[in-house]
Amino acid sequence: MDTNIEKIQKELAWCKEQINKHNGALGFDIHPYPRGGLPGFMPYDDYMFVKKFEKRTKMDGKINLSTLSPGLYYGTRDNLNTLPPDLMTNNILIDITGANDHRIVVLTSQGQAKQWYMTWSGGIASNWKLRVAELRLFRGQVSLKAGTKISFTQTIPINDNNSSMTLYDIVGVSPSGLWSVKIPSFNGDLNAFVISGVKTEEPYQNTATKVKYRLTNESFTVDSISGVVNGSLNSDPYTGMTIIAIDAIQ
């Protein structure tokens, strides 16, 4: 009995040693990927990635998009004969809808969390266009002055807010008319923008208003305002200025 126990202990120790030798590695030589119809092993993350494409057709070789039938496809940037110029990642999804000689092609980059689309009509293709979404965060009229705080009607997810994926479009009214600025959601210490204009009554003067602000995924707050008229500090340029709309562009 003792001999059998010792034998089992040695065999278990050998198995543990073999496992520890490639623990955390892909183990490609010992545990090859399944390919060519042969069984194999696949890391869990890779398996979950492939699972997303079970109902999609894999693109093989270089593909002319005009020849693909409506359907759902997946592949890499190397499969396509035309690409969006700002596509940075390799793995892509292609969705094609349409009928006859009309096609709408949607390309999704999971790595960039972006989509582009193009159309085919009568054999003529459009350029790739980035698909964006605008979220309405505020409509109203509030004074543009120190201490003004605008709470958004919906909260931007933290991951989107703390990245370059979101821009905020702020629209307001000044004595010179409408103004609009776009500010990034994540910009470190660059938390200020400038509104330029011309006073509408005599004497006509070039004006600029510098607005320092704080931006979160839930609100926009004005910290301070300073004005310049013809190169000199002045508090008059921002008198009567308001904010009427804030949108998130993603």
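The values are calculated or read from the model by the stated rules, or taken from the named source; none is laboratory data. All values reported here derive from a predicted model rather than from experimental measurement. Methodologically, a virtual Cβ is constructed for each residue, glycine included, from the backbone with ideal geometry; neighbour enumeration extends over all protein chains shown.
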Subset of segment 129-141 [modelled with pLDDT of 90 or more and surrounded by 13 or more Cβ atoms within 10 Å (Cβ to Cβ)] | 137, 138
Sort through 161, 187 and tell me the only one that's more than 30 Å from residue 102 (Cα to Cα), surrounded by 15 or more Cβ atoms within 10 Å (Cβ to Cβ) and either charged (D, E, K, R) or modelled with pLDDT under 85 (or both).
-> 161
Determine if segment 116-126 includes at least one residue that is surrounded by fewer than 17 Cβ atoms within 10 Å (Cβ to Cβ), within 30 Å of residue 195 (Cβ to Cβ) and in contact with a strand residue (DSSP E or B) (Cβ under 9 Å, 6 or more places away or on another chain).
-> no
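Counting residues that are in contact with a Gly (Cβ under 7 Å, 6 or more places away or on another chain) and under 17 Å from residue 80 (Cβ atoms), which strands (runs of 3 or more DSSP E) fully inside segment 102-153 reach at least 1?
By residue number, 102-109.
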Does residue 229 count as aliphatic (A, V, I, L, M), surrounded by 15 or more Cβ atoms within 10 Å (Cβ to Cβ) and at pLDDT below 70?
-> yes
Note on residue 152: of the conditions (1) surrounded by 12 or more Cβ atoms within 10 Å (Cβ to Cβ); (2) within 26 Å of residue 76 (Cβ to Cβ); (3) not β-branched (Val, Ile, Thr), unmet is (2)
